[in-house]
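Structure first, commentary second.
The values are calculated or read from the model by the stated rules, or taken from the named source; none is laboratory data. Bear in mind the structure is a predicted one, so any value in this text is a computation, not a measurement. Note that we place each Cβ from the backbone using ideal geometry, even for glycine, and neighbour counts take in every protein chain shown. Please note that ligands, DNA and RNA were not included when accessible areas were found on the heavy atoms of the full protein model with its side chains. Shrake-Rupley method; radii C 1.70, N 1.55, O 1.52, S 1.80 Å.
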Protein chains: 2
Amino acid sequence: MSSRIDLGPQGFIYPMPMTLVGADLPSGPNFMPIAWVNRVQFNPPRLAAGMGKTHATNAGIREHGEFSACIPDESMLELTDWCGLNSALRGADKASQFEVFRGRLAHAPLVSECPLCLECTVHKVVDLGSHELFIGEIAGTWTEQRYLDDGGNPDIEKMRPFMLTMPDNRYWRVGAQIGRAWAAGRSYEPRP
Amino acid sequence: MSSRIDLGPQGFIYPMPMTLVGADLPSGPNFMPIAWVNRVQFNPPRLAAGMGKTHATNAGIREHGEFSACIPDESMLELTDWCGLNSALRGADKASQFEVFRGRLAHAPLVSECPLCLECTVHKVVDLGSHELFIGEIAGTWTEQRYLDDGGNPDIEKMRPFMLTMPDNRYWRVGAQIGRAWAAGRSYEPRP
């Protein structure tokens, strides 16, 4: 225990999944890389994304009550990062770098190049201070047959998403499959 | 576009980070594997975890207003999964399988075997229906020197956390580093 050290309150979860969050602005669709996103409920299916209030994307989500979370693949790493270095507030037309399509919702722009896109309506917005937490209800999950496994589920090895670590600010590939959830624990022998 | 298919509302984020969420119950400390967790704000530093209301852990968090999110490593995969197959509500003493320690908070039990542990006070609880979203304010980040890189930050290659995919319910290793965030995009050439 004596070797334990406290790094203070700026701790992160390891690793964080990279997404492109899409929203409609007055200037058109816009996309912003977000790693602070995850599912939060099974049914109704909801996710939550923490996003700094001053971003152009936040204003679009607030206006229309809809947004997307699209999962880019490794080949889109530079483009995804570029989307984070540029802002619609400074005139960047990020949508011009993608083929944008629509699913069930009018104002949740989706990225055709992304292997998986979730479109959401806003269930609730939680004001956190500098950030707001958008809790979205998932309305549709768009992919292509070539990204599915034999069971019809998205296959992460075919999708090749990537992850972020902070505060070292690195991107990481997904590695090997190492077990089955709600199953691997059956072989664990509790110590007395 | 014609090849796009809609899998419906049960879409997930790929991949999701595995944590052990700790809380104090009347019976003692308890730990539950949670993959639906992420940071949501930089300052004050906050994270959010979506957890089914009927879990024993939720009651402990509600009672004390404190909890932890500890990141297990690959060697703890079976034990972590076992924690999800068993419940304190059915008499399981999961804390007996770990060396439990305390940081700054009285009621955020931490796992000594985990390479990184975040301890949190509850900032807000959002009722989502079947689940509640615990928004925690990070009070401390516990690790050991051997898990840090040369810059003093946690090193994911030394920590060896693992991730979950749903609905296929598989665990995954972290793969190779493939880029630097807020940097890789500088070499992207926008198409006109």
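Okay, here's what the table says:
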| item | result |
| --- | --- |
| Computed accessible area, B:Cys83, all protein chains, 1.4 angstrom probe, square angstrom | 0 |
| For the protein assembly as shown, convex hull of alpha carbons as volume per residue, Å³ | 128 |
| Label geometry 7 Å along the beta-carbon vector: A:Glu113 inter-copy distances in nm | 4.4 |
| Most mobile of A:Glu63, A:Glu78, A:Glu113 in a GNM of chain A (Cα contacts under 10 Å) | A:Glu78 |
| Cysteines without a disulfide-compatible neighbour (Cβ-Cβ under 4.7 Å), chain B | B:Cys83, B:Cys120 |
| Summed buried accessible surface, chains B and A, 1.4 Å probe, nearest 100 Å² | 10000 |
| Violating pairs (Cα-Cα greater than 28 angstrom) within the set A:Lys94/A:Lys158; A:Lys158/B:Lys158; A:Lys158/B:Lys94; A:Lys53/B:Lys124; A:Lys124/B:Lys94 | A:Lys158/B:Lys94; A:Lys124/B:Lys94 |
| Hz values of 3J(HN,Hα) by residue in the range B:55-64 - Karplus curve (6.51, -1.76, 1.60), Gly and Pro given as x | 5, 4, 4, 4, 4, x, 5, 4, 5, 9 |
| Portion, in percent, of the accessible area of the range B:1-110 that falls on carbon or sulfur, probe 1.4 Å | 51 |
| Geometric extent, Cα atoms of chain B - Rg, Dmax (angstrom) | 18.1, 63 |
| Cα gyration tensor category, rounded, prolate or oblate, for the range B:50-131 with a/c compared to 1.5 | oblate |
| Rounded accessible area of B:Arg104 (nearest 10 Å², 1.4 Å probe) | 140 |
| Nearest-first distances (nm) between copies at A:Arg90, label 7 Å from Cα via Cβ | 5.5 |
| Per residue value of the accessible surface for the range A:33-167 (all protein chains in place, 1.4 Å probe), Å² | 34 |
| Shielding of B:14-20 by partner chains, average beta-carbon count, 10 Å | 6 |
| Sequence-distant residues sharing a close amide H with A:Val174 (under 5 Å, placed H) | B:Gly175 |
| Partner chain coverage, peptide A:31-40 - average Cβ within 10 angstrom | 6 |
| Number of partner chain Cβ atoms within 10 Å, mean per residue of B:70-80 | 3 |
| Estimated vicinal HN-Hα couplings, Hz - the range B:86-102 in sequence order (Karplus 6.51, -1.76, 1.60; Gly, Pro = x) | 10, 9, 4, 5, 9, x, 5, 9, 5, 4, 5, 8, 10, 8, 8, 9, 10 |
| Per-residue HN-Hα couplings for the range B:173-183 [Karplus 6.51, -1.76, 1.60; θ = phi - 60°; Hz; x = Gly/Pro] | 7, 7, x, 6, 6, 10, x, 10, 7, 6, 8 |
| Fraction of accessible area attributable to carbon and sulfur, the range A:131-192 (%, probe 1.4 Å) | 44 |
| Rounded to the nearest 20 debye, dipole of the range A:111-192 from Cβ charges on Lys, Arg, Asp, Glu | 400 |
| For A:Ala183, label point 7 Å along C-beta direction: distances to other copies, nm | 3.9 |
